[in-house]
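Enquirer: Submitted below is the structure of interest, expressed as structure tokens.
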Amino acid sequence: MPQRLIKIYESLKPALIFEFVYRQNHAALVSYAISTLAICGCFLFGQWPYEQEALHNSFGDRFFVVIMIYAIAVATIISTGHAALSISGEKEKKTLTLLRMSGLGPGEIIFSKAAVSLCFTVFILLPTAPLMTICPYLGGVSSPTIFKGLMILFVSMIFYISAGIFISILFKKNYTCISFATAFLLILHFGFFIIDDAINYNSGASYYSRQNSRYLSAFSPLEMWKNFFDSMQAKITPNYRPFTPESYFNLTSGESAALYFGAALILFFSGAKIFENYLKWRED
């Protein structure tokens, strides 16, 4: 096991050093992190309670929700976009052959690109960690709840990165990958609701938003995060009863995260196989 970990580290080290050291984009990386902290600080300042409100109510849960919504949006867009440009960028700059001559196998190249995208996204979101750690001390949210939310966010980033790299393997131009990545995010988040709307409309339920029936929308990331925030609110308010339409697939946020993790593994290994066949075709 230690030898395998050392081998993984040695395969990741050149890519990480190139991305965070030799590209000399330190000013941009620092500015991204500072911007993240500044935006979250402005949100928290806008949500800061009045003195009388602070005496009677806990408001750590309010801060945590604001920070998490921002982190979810950033992680979704940045991780997918960064990963979608990883392989296509090498193709467009015609440096894929040089990368192949470094001795890394197809799987190691894909894994390195995924690790770089993950580290890049985590680096941008890192300034939000201190803000999240103080939320339990403000009341309304517990440390296990925060940890659960961060784990779901981490799994989501793995899924988005795997999907972005899969798209990057299929196309050669950066603009094509970004277009398909954008379409993928829109379909993933809103496509299931449109399908449910069409099913309800064809069955005679023309006012879908007022109907208590859902089919595939349970698989949307929006529903996963809704279930997470509803479960968090239920712990705070004992009599809290969220609106839960009748669904054919009743999934908790943890179950949805497990499904996305499985989908991430399928996309990753399928992409590695396609990339290996592509490299063999180029060499032949």
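For (1) of a type outside the set (G, A, S); (2) assigned to a loop (DSSP other than H, G, I, E, B), each residue gets a yes or a no:
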{"residue": "G107", "(1), (2)": "no, no"}
{"residue": "V116", "(1), (2)": "yes, no"}
{"residue": "T121", "(1), (2)": "yes, no"}
{"residue": "A129", "(1), (2)": "no, no"}
{"residue": "V155", "(1), (2)": "yes, no"}
{"residue": "I161", "(1), (2)": "yes, no"}
{"residue": "K172", "(1), (2)": "yes, yes"}
{"residue": "I187", "(1), (2)": "yes, no"}
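Enquirer: Can I146 be described as closer than 19 Å to Q233 by Cβ, in contact with a Pro (Cβ under 9 Å, 6 or more places away or on another chain), in a helix (DSSP H, G or I) and among the β-branched types (V, I, T)? Talk me through it step by step, then tell me what you get.
Expert: Numbers: closer than 19 Å to Q233 by Cβ: yes; in contact with a Pro (Cβ under 9 Å, 6 or more places away or on another chain): yes; in a helix (DSSP H, G or I): yes; among the β-branched types (V, I, T): yes.
Against the criterion (closer than 19 Å to Q233 by Cβ, in contact with a Pro (Cβ under 9 Å, 6 or more places away or on another chain), in a helix (DSSP H, G or I) and among the β-branched types (V, I, T)), I146 qualifies.
Enquirer: If you check S31 against the conditions, is it under 18 Å from V122 (Cβ atoms) and at pLDDT 80 or above? Step through it out loud before you land on a result.
Expert: On the way: under 18 Å from V122 (Cβ atoms): yes; at pLDDT 80 or above: no.
In short, no.
Enquirer: Sticking with this one: Scanning for something touching a residue at least 24 places away in the same chain (Cβ under 8 Å), surrounded by fewer than 21 Cβ atoms within 10 Å (Cβ to Cβ), over 13 Å from the mean Cα position of the chain (by Cα) and under 21 Å from R62 (Cβ atoms), does segment 109-123 turn up at least one residue?
Expert: There is no residue in segment 109-123 that is touching a residue at least 24 places away in the same chain (Cβ under 8 Å), surrounded by fewer than 21 Cβ atoms within 10 Å (Cβ to Cβ), over 13 Å from the mean Cα position of the chain (by Cα) and under 21 Å from R62 (Cβ atoms).
Enquirer: Name the residues in segment 74-99 that are closer than 20 Å to S179 by Cβ, hydrophobic (A, V, I, L, M, F, W, C) and assigned to a helix (DSSP H, G or I), would you? Break it down stepwise before answering.
Expert: From segment 74-99, those closer than 20 Å to S179 by Cβ are 76-93; that's our starting set.
Okay, now just the ones that are also hydrophobic (A, V, I, L, M, F, W, C), so 77-78, 83-85, 87.
Hits for segment 74-99 are I77, I78, A83, A84, I87.
Enquirer: While we're on this one: Which of the following residues is closer than 23 Å to N174 by Cβ, of a type outside the set (S, T, Y) and at pLDDT 85 or above: L85, L99, L104?
Expert: L85
Enquirer: Kindly check whether there is at least one residue in segment 36-44 that is of a type in the set (V, I, T), within 27 Å of A181 (Cβ to Cβ), at pLDDT 75 or above and in contact with a Leu (Cβ under 9 Å, 6 or more places away or on another chain).
Expert: Initial filter on segment 36-44 (of a type in the set (V, I, T)): 36, 39.
Filter once more, keeping what is within 27 Å of A181 (Cβ to Cβ): 36, 39.
Imposing the further condition that a residue be at pLDDT 75 or above reduces the set to none.
So far as segment 36-44 goes, no, none of its residues is of a type in the set (V, I, T), within 27 Å of A181 (Cβ to Cβ), at pLDDT 75 or above and in contact with a Leu (Cβ under 9 Å, 6 or more places away or on another chain).
The values are calculated or read from the model by the stated rules, or taken from the named source; none is laboratory data. Given the structure is predicted, the values throughout are model-derived calculations rather than measurements. Cβ: placed from backbone, ideal geometry, glycine included. Neighbour counts: every protein chain shown.
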